[in-house]
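Every read-out reported here was derived from the displayed coordinates using simple, explicitly stated rules and does not represent laboratory data. If you're wondering where the values come from, they're calculated on a predicted model, not measured in any experiment.
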Amino acid sequence: MTDFKVIIGELFNLISSVAEKVESQKLKAIGSRNLLTSMEKQRDLQQKHLESQILAKKKDIDR
């Protein structure tokens, strides 16, 4: 019975360790996804700004 408890204890520790690593990687993935989304929004805003500048310059040239 003691061997069984030792084995179960080691197994529990191993599973807990793996669970912590998985949780850490999950949080890193969420952070990366949020960063990517933020960068995408920033790129879209910059593109719209540049397009409006191009349009303004074209209007100036047409005058």
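Report which label in (i) 14.8; (ii) 16.5; (iii) 12.9 holds the value of Kirkwood radius over Cα pairs in Å derived from the coordinates of this structure.
Recomputing Kirkwood radius over Cα pairs in Å here picks out (ii).
Which angle between 0 and 90 degrees, to the nearest 10, do you get for helix 2-62 versus the longest principal axis of the chain when only C-alpha atoms count?
Computed tilt is about 0 degrees.
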